[in-house]
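Visitor: Sharing a structure here in structure tokens format.
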Amino acid sequence: MIAGRYIQCVILAMAGFGILSSAQENTGETLRVSVRMVTVDTQVLNAKTGRAISPLESRDFQVYEDGVQQKIISFSQDELPLSVVFLFDLTDSVRPVLKSLASGSLQALHRLRPDDEVAVMVYSASAVVLQDFTTDRQLAADAILKASKMESGEAAFFNEGIFQAAVQSARSKIPSSRRVVLWMTDNVPNIPSEEIRQRYGRSLSASQLHTKNQATAELLKSGAVVYTLLRTSEISDQMALHDSSRIVSGMLYPPGDVWQYSQLTGGHVIESSAKKMESMLANWIDEIRTRYTLGYRPPPGKSTGKFCKIEVKLSPDVRKREGKLLVEARRGYYR
């Protein structure tokens, strides 16, 4: 190694990827080599109790991309700052519990650390950013209180709301953060029929609404994990009676898209009563911090834009020691 030269390595997690940069300086020349790193936010739960299993080590995990095991080159728990998007559904049926959701969100703010950032959004037919990412808790609190007082006569389009929340997540001001969308809704599904668009989608034309596939792709690009606080309403209960339930991986799926979006990103859905909402949101921040962040270098030779499937497994020793476990992790990413 030539004297006077040094190597500085910085790992940045950007839209679910990292960039590893090596710089040689003090000689008038700079050499930079960038290697993409895929980061996977992962949670391990006891299948019976739903409680997080910890502590685990890097050797306890196995990560596969398109069926091929990858070498884990970075591993952490509760080390990276959070970039949290609070996403409020403005449907008429949610309005009675908006104040409870706002109160819970304010409690959640108190559980955040100084370097965590927050953005606040609302949506109906279109999505609006009330507060861009900030570490100023007063600005975030003001936006949450504003959201609790808002009304909209438009239909709430899930796909559009999640698409725009994913776009907002990608605008994080902290490149190394773990991105999270806290979604508050009653699970009344997105029904983008022409009649509904014309009657309720006043702020958007049919051509401007994003599809479920587009919202899914944007979520996977952002690397955000979707946690959904589900507050059922009379409307959603009635729709459940007229819609055949689906059983997927042993879990009951109600109508709508909330379960699919959360499971796709490695998050989950919790149904809560109005009384439990306030403490639930605050507890979620603590739960999110217990998640692990795994990183690996993606194999070469795959074209840009290709979807790569990710699967996270546990080592045989962990499964034998802990019994039946559930692993929550995002299902893939786009190159």
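The values are calculated or read from the model by the stated rules, or taken from the named source; none is laboratory data. Keep in mind the model is a prediction, meaning the values are calculated, not measured. With ideal geometry, Cβ positions are generated from the backbone for all residues, glycine too; neighbour counts draw on all protein chains shown. Ligands, DNA and RNA are stripped out before the accessible areas are found, and what is left, the full protein with its side chains, is counted by its heavy atoms. Shrake-Rupley method; radii C 1.70, N 1.55, O 1.52, S 1.80 Å.
Visitor: Report the gain in length on full extension from Leu326 to Lys212: 0.36 nm times residue separation, minus Cα-Cα distance, nm rounded to one decimal.
Guide: Numbers: separation 114, 0.36 × 114 = 41.04 nm, distance 2.60 nm.
Between Leu326 and Lys212, full extension yields an extra 38.4 nm.
Visitor: State the extension gain, in nm to one decimal, for the chain segment bounded by Thr49 and Ser315, taking 0.36 nm per residue of separation less the distance between their alpha-carbons.
Guide: Roughly 93.7 nm would be gained on extension.
Visitor: Additional query: Evaluate E = 1/(1 + (r/R0)^6) for Asp115 and Tyr334, where r is the Cβ-Cβ distance and R0 equals 22 Å; express this FRET efficiency to the nearest 0.05.
Guide: 0.20
Visitor: Sort Asp60, Asp92 from largest to smallest accessible area, using a 1.4 Å probe on the heavy atoms of the protein chains.
Guide: Descending order: Asp92, Asp60.
Visitor: Might you work out the accessible area of His268 for me, using a 1.4 Å probe with all protein chains in place, and round it to the nearest 10 Å²?
Guide: Rounded to the nearest 10, that gives 30 Å².
Visitor: With θ set to phi - 60°, apply the Karplus curve 6.51 cos²θ - 1.76 cosθ + 1.60 along region 158-163 and write out the HN-Hα couplings as whole Hz, x wherever there is a Gly or Pro.
Guide: Once rounded to whole Hz, the list reads 3, 4, 5, x, 6, 4.
Visitor: Continuing with this model, one more query. Please state the shape class of region 35-150: rounded when a/c is under 1.5, otherwise prolate if a/b exceeds b/c and oblate if not, all from the C-alpha gyration tensor.
Guide: Taking the square roots of the gyration eigenvalues as a ≥ b ≥ c, region 35-150 is prolate.
Visitor: So if I take the alpha carbon set of region 89-163, get Rg, then get Rh from the Kirkwood formula, what is the Rg over Rh ratio?
Guide: Values: Rg = 12.5 Å, Rh = 12.8 Å.
With Rg and the Kirkwood Rh in hand, the quotient comes to 0.98.
Visitor: Not counting ligands, DNA or RNA, and with a 1.4 Å probe, what is Met280's accessible surface area in Å² rounded to the nearest 10?
Guide: For Met280, the solvent-accessible surface is approximately 40 Å².
Visitor: Heads up, I need the accessible area for Glu271: 1.4 angstrom probe, whole protein in place, Å², nearest 10.
Guide: Its accessible surface works out to 120 Å², give or take rounding.
Visitor: Using a simple spin-label model with points 7 Å from Cα along the Cα→Cβ vector, what separation in nm is obtained for Lys306 and Gln62?
Guide: Between Lys306 and Gln62, the label points sit 2.3 nm apart.
Visitor: Determine the shape class of region 109-153: with a ≥ b ≥ c the square roots of the Cα gyration tensor eigenvalues, call it rounded for a/c under 1.5, and otherwise prolate if a/b is greater than b/c, oblate otherwise.
Guide: prolate
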